[in-house]
Amino acid sequence: MWNDTRQENSASAKCSFCGKGRVQINRLTAGPGGIYICNECFDLYREHIANMEGASVTMENISKVCSTCETRVPASHHYCHNCDSQFTQET
């Protein structure tokens, strides 16, 4: 975990995990190496990690890929924020 809590001011910055831009979220925090995390992904991952109790956490465990545009989104989402496709249970 990083200690840098600067908020990114660039309108083009987006979350490195879900791909949402600044206009789609409440807060975007910059990390090392140009990585950004939004408040929604932070909350989702923190909750998921707390529930895992020592199990391995991977992007595949906590996210899914949109079959239309191949954007990775949190597993709890019911639609793709990038192309607005609604997920089926198989997605």
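Numbers for the structure displayed
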item: Boolean, Gly19 is small (Gly, Ala, Ser), under 22 Å from Thr88 (Cβ atoms) and modelled with pLDDT of 75 or more; result: yes
item: Hits in segment 24-43 - residues which are acidic (Asp, Glu) and under 16 Å from Asn82 (Cβ atoms); result: Glu40
item: Conditions (1) outside any strand (DSSP E or B); (2) modelled with pLDDT of 80 or more; (3) of a type outside the set (Gly, Ala, Ser): number failed by Glu90; result: (2)
item: Of all residues in segment 41-72 being at negative phi and of a type in the set (D, E, K, R), the one that is modelled with the lowest pLDDT; result: Glu60
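The values are calculated or read from the model by the stated rules, or taken from the named source; none is laboratory data. What you are looking at is a predicted structure, and each value in this text was computed from that prediction instead of being measured. When we count neighbours, we look across all protein chains shown, and the Cβ atoms used for this are built from the backbone with ideal geometry, even at glycine.
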